[in-house]
Amino acid sequence: MHNIYLFQPQYTVEVRKEKNYWIPYSAGCIWSYAAQYQDIVKNFELKEIIFKREFHSDIINRMVDPKICGFSCYIWNYQYCLMLAEKIKNWWPKCKIIFGGAQSHSSLLNKKFIDCLVFAEGEEAFVDILRRYQTNQELETIYTKSRVNNLDIPSPYLTGIFDNLVKDNPDAVWAATIETTRGCPYHCTFCDTGQNIYNKVKKFDTLRVAQELKWMSKNNIAYLMTADANFGIFKERDLEIAKLIRKAADVPGSKIESMNVNFAKNSSETIFELGQILGSLLRGGITFSLQSTNKATLEDVHRINMEINKMSTLLSLGEKYGVLTYTEMIIGLPNETQESWKNGITELLEMGQHQNIDVWFSQLLLNSEMSQPESRKKYKLSTIHARDYITLENSAMYDECPEYVEIINSTATMTTDELIDAYMYSWMIIHFHITGYSQVIARYCYSIEKISYRKYYDILYEKIKQDSILSSHYNEVKNTVSTYLKTGVLINSDQFKGHTIHGMSYKFLYDYKNLITIIAVGTANEVIQLPDNIGILQENFIFDTTHIFPRQLLSEINLETWTKESTLYSIENTASNDTFDFYFHRRKNLLKNKFHRIQ
């Protein structure tokens with residue numbers, strides 16, 4: 001009997017003082033597929049799936065004569081797996097080391113301790129590897145891109161592979177991947193699933209999905225991550241699956257409380273129906289992965305087929321269905337300029353996005369088209385290998401081999417300093433407009449006075465840099481961004497990550513919300529005479545512990561239609577002053593008070 005070890009280690013995340021682990025779904029898929037064959041289970045035994053980052057010595061000390069070690073790699077465990085694999089090879093030279101996953105790349109053949117690489121879906125390749133090993137045949141150096149033709153394959157959840165993981169960790173809460181389809185019809189150059197091999201979307205049987213969700217509802221699963229690239233692309237089927245997810249979350253004893261969904265890129269009304277069904281399970285609501293509004297950029301990254309022009313319609317549908325929305329943007333893509341970026345992020349406000357905007361630094365993933373030498377040269381992409389980028393990282397748990405993400409810090413059309421300034425402009429929009437400190441005033445100027453968001457926020461941006469209090473904090477954030485983009489080192493990485501540098505401002509700006517209102521009013525008064533009532537509305541827009549709720553306020557504008565109309569509002573918040581918790585309220589989007597029209 002030959003011993004097999006599979007590795008899909010991830011960071012342990014602590015939420016509400018509970019340890020949260022990720023179910024090693026990919027590794028489970030590989031073994032559940034292989035274990036359906038009698039010749040495999042007769043000759044091979046899966047000894048363990050390594051699912052969390054531990055000290056390498058602890059893992060090696062409990063391993064017993066490994067013959068095959070398979071590693072599933074991505075940006076959150078790449079360096080960890082490489083270092084561990086080399087140590088295993090040194091200890092057991094005859095052990096076959098196999099690397100797969102989205103981060104598996106031909107450059108890994110330079111690592112002498114790696115015997116074989118698997119690209120794309122690995123189920124069939126792994127079976128071939130085991131059969132070759134059993135019959136003393138040479139393994140293929142690279143298993144080229146291939147896919148499972150029929151997804152009527154064993155489920156790792158239903159075959160019991162993960163049962164002992166849950167049983168042996170009774171105090172743990174788990175995050176699980178739910179996969180209802182495989183493939184994506186798009187070719188986005190920044191994505192490592194944009195290759196032709198993945199273009200056909202294949203479906204898992206709905207009954208299988210239902211059974212997996214039932215298992216999750218009984219096994220301490222709190223968080224779901226959908227692996228589907230375009231949930232909602234199959235309307236009736238996906239509506240049925242959304243109901244199954246909601247049912248699994250609502251069943252007595254289930255711990256499922258939140259999930260992340262990659263919705264269909266060309267969004268339709270269907271995704272709002274899905275959002276309405278999933279309700280509070282959705283983190284942040286419906287995602288619009290817009291990435292840029294610059295036509296030249298969208299053409300270069302193969303996103304021109306995404307219908308930007310209907311974004312306003314989609315955002316208004318969010319209000320119709322009562323579903324929160326948020327839009328993702330990527331800074332540093334080819335052909336984006338400092339000006340096009342500022343135009344784009346303020347154009348989002350014109351489209352009606354006032355709930356949530358998220359900005360990512362552009363990453364070069366190993367198997368993406370944009371990371372290839374031709375693209376790097378064509379667009380003059382300069383990069384930095386940055387530590388502590390993703391929010392999953394937990395240096396307090398294990399930091400022997402930190403992970404790195406390659407992010408773009410300049411292009412042919414945007415210098416590093418311009419990129420830093422563009423990010424800081426985004427920082428202002430995210431905090432001052434989206435969080436709400438200047439939103440009422442900016443929307444009044446745009447809707448009533450016809451002053452563009454770009455004009456309003458350009459003035460506010462300069463005022464922030466001039467104010468004695470805000471400028472000090474602005475410069476602190478800017479210095480953090482600058483250091484990160486130029487050195488790859490993050491200041492205060494124990495408090496926030498590279499993707500969430502803007503998070504260092506949340507509490508500071510809330511504490512100075514009254515000052516921000518004064519500056520926001522002054523900004524409007526640079527171009528118009530702002531009515532006093534609008535400033536009062538703005539003050540009441542953000543939750544304040546000195547206010548008593550509910551309270552009434554007469555407005556000279558209708559906040560639903562943004563037209564001049566005398567309207568009486570009742571202002572409410574979900575918490576009393578005694579139970580207010582800043583971080584909870586910010587995370588739940590509750591810093592903005594609720595205005596209910598009375599007459």
Next item on the list: Please work out which one of (1) within 23 Å of LEU46 (Cβ to Cβ); (2) assigned by TED's automatic domain parsing to the domain that holds ILE30; (3) in contact (Cβ under 8 Å) with a residue 60 or more places away in the chain is the condition GLU179 fails and give its number.
Entry: (2)
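Here is a yes/no grid of residues against (1) more than 24 Å from ARG443 (Cα to Cα); (2) not β-branched (Val, Ile, Thr):
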{"residue": "HIS473", "(1), (2)": "yes, yes"}
{"residue": "THR480", "(1), (2)": "yes, no"}
{"residue": "THR500", "(1), (2)": "yes, no"}
{"residue": "TYR506", "(1), (2)": "no, yes"}
{"residue": "TYR510", "(1), (2)": "no, yes"}
{"residue": "ASN514", "(1), (2)": "no, yes"}
{"residue": "ALA524", "(1), (2)": "no, yes"}
Next item on the list: Out of the residues in the range 444-469 that are touching a strand residue (DSSP E or B) at 6+ places or on another chain (Cβ under 9 Å) and either part of a helix (DSSP H, G or I) or among the hydroxyl-bearing types (Ser, Thr, Tyr) (or both), state the one that is surrounded by the fewest Cβ atoms within 10 Å (Cβ to Cβ).
Entry: SER447
Check: Among TYR425, TYR437, which is the only one that is touching a residue at least 24 places away in the same chain (Cβ under 8 Å) and over 30 Å from ASN335 (Cβ atoms)?
Finding: TYR437
Notebook entry, point to check: Yes or no: ALA102 part of a loop (DSSP other than H, G, I, E, B) and either in the same structural domain as GLN134 (by TED's automatic domain parsing) or under 30 Å from the mean Cα position of the chain (by Cα) (or both)?
Noted result: yes
Checklist line | Subset tally (residues that are out of contact with any Lys or Arg (no Cβ under 7 Å at 6 or more places or on another chain), part of a helix (DSSP H, G or I) and surrounded by 19 or more Cβ atoms within 10 Å (Cβ to Cβ)) for the range 514-534 | finding: 5
Note to self: Looking at ARG131 and the list (1) under 14 Å from GLN36 (Cα atoms); (2) assigned to a loop (DSSP other than H, G, I, E, B), which single condition is not satisfied?
What the structure shows: (2)
Item checked: Among residues of the range 488-502, those that are assigned to a helix (DSSP H, G or I) and more than 18 Å from VAL13 (Cα to Cα), counted -> 2
Check: Looking at the range 543-581, which of the residues that are of a type in the set (Val, Ile, Thr) and under 24 Å from SER316 (Cβ atoms) is surrounded by the most Cβ atoms within 10 Å (Cβ to Cβ)?
Finding: ILE557
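Give the residue that is surrounded by the fewest Cβ atoms within 10 Å (Cβ to Cβ), with candidates limited to residues of the range 68-93 that are touching a residue at least 24 places away in the same chain (Cβ under 8 Å) and part of a loop (DSSP other than H, G, I, E, B).
By that ranking, first place goes to TRP92.
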Check: Looking at (1) crowded, with 21+ Cβ neighbours inside 10 Å; (2) out of contact with any helix residue (DSSP H, G or I) (no Cβ under 6 Å at 6 or more places or on another chain); (3) small (Gly, Ala, Ser), which is the one condition that is false for GLY284?
Finding: (1)
Notebook entry, point to check: Can you tell me which residue in the range 560-599 is nearest to GLY503 (Cα to Cα), limited to those that are charged (D, E, K, R) and part of a loop (DSSP other than H, G, I, E, B)?
Noted result: LYS588
Next item on the list: Check off (1) crowded, with 19+ Cβ neighbours inside 10 Å; (2) modelled with pLDDT of 95 or more for VAL405 and give me the number that stays unchecked.
Entry: (2)
Check: Being farther than 18 Å from LYS255 by Cβ and not acidic (Asp, Glu), is that true of even one residue in the range 215-226?
Finding: no
Next item on the list: Identify, by number, the condition in (1) farther than 19 Å from GLY279 by Cα; (2) among the charged types (D, E, K, R); (3) within 23 Å of the chain's Cα centre (by Cα) that ASP152 doesn't meet.
Entry: (3)
Item checked: Residues being within 22 Å of the chain's Cα centre (by Cα) and polar (S, T, N, Q) - total across the range 426-440 -> 2
Check: Do we find that ARG131 is touching a helix residue (DSSP H, G or I) at 6+ places or on another chain (Cβ under 9 Å), in contact (Cβ under 8 Å) with a residue 60 or more places away in the chain and not assigned by TED's automatic domain parsing to the domain that holds ALA242 in this structure?
Finding: yes
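The values are calculated or read from the model by the stated rules, or taken from the named source; none is laboratory data. Values in this document were obtained by computation on a predicted structure and should not be read as measured data. So basically every Cβ, Gly included, is an ideal-geometry build from the backbone, and we count neighbours across all protein chains shown.
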